[in-house]
1. Please list, ordered by first then second residue, the pairs with beta carbon atoms under 8 Å, 6 or more apart or interchain, first in the range 98-110 and under 23 Å from Leu28 (Cβ atoms) and in contact (Cβ under 8 Å) with a residue 40 or more places away in the chain, second of a type in the set (Asp, Glu) and assigned to a helix (DSSP H, G or I).
2. Select, from Val110, Val100, the only residue that is open to solvent by less than 50 Å² (accessible area, probe 1.4 Å) and out of contact with any Phe, Trp or Tyr (no Cβ under 9 Å at 6 or more places or on another chain).
3. Would you confirm whether or not the range 88-95 contains a residue that is of a type in the set (S, T, N, Q), open to solvent by less than 70 Å² (accessible area, probe 1.4 Å) and over 17 Å from Gln41 (Cβ atoms)?
4. If you scan the range 52-87, which residues turn out to be open to solvent by 80 Å² or more (accessible area, probe 1.4 Å) and either over 22 Å from Ala38 (Cβ atoms) or not aliphatic (A, V, I, L, M) (or both)?
5. Pairs needed: first member in the range 40-69, in contact (Cβ under 8 Å) with a residue 40 or more places away in the chain; second member anywhere, open to solvent by less than 90 Å² (accessible area, probe 1.4 Å) and not basic (Lys, Arg); C-beta distance under 7 Å; at least 6 residues apart or different chains.
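The values are calculated or read from the model by the stated rules, or taken from the named source; none is laboratory data. Every value quoted in this text rests on a predicted model; they were computed, and no experiment measured them. We place every Cβ from the backbone using ideal geometry, glycine too, and count neighbours over all the protein chains shown. Remember, those area values only see protein heavy atoms, side chains included, never the ligands or the DNA or RNA. Shrake-Rupley method; radii C 1.70, N 1.55, O 1.52, S 1.80 Å.
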Amino acid sequence: MSGVNAKGLVCAVLSAFAYCAMVLFNKLSKEVKGIENATFQLLSATAVIAAYTALSGGLIVSVPKSSLIFVVLLGAVNTGIGCFLYFSSASRLPAQSVAVCGYLEPLSAVLFSALILGERLFPLQILGAALIIGGALFGEITKKAT
């Protein structure tokens, strides 16, 4: 396994398990909805990331003043509103649909980076995007057929 970062691989596997647990626990949580759920998720994520950051190098973060408004907007709009909408709808959808939406998130990031930022997509990335879309469609079509 030349060129594979073991720490990155472990983090990726743990992330997959954490994502699975998040979807399942959101489905099982009947009393906690909407803003309360999003708040709990964000506070939990903040605590975990703060602990990881402290253990791996320290909590000193430097944000240039010219970028501060963008960081605040990213936190409020993308993370805050995005998490609220995600966790409000996750309890109402089947777990399979929530998982499919989870795959569409990185796909949209790649596509928007190409469309808005002008980043170049390589053939392997285009193939990956097609496979994600195909898998999502296949999952939804076969779910409706049963």
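1. From the range 98-110, the pairs are Val100/Glu140.
2. Matching residue, one of Val110, Val100: Val100.
3. no
4. Within the range 52-87, Tyr52, Leu55, Leu59, Ile60, Val61, Ser62, Lys65, Ser66, Leu68, Ile69, Phe70, Asn78 qualify.
5. The qualifying pairs are Gln41/Cys83; Gln41/Phe87; Leu42/Thr79; Leu42/Cys83.
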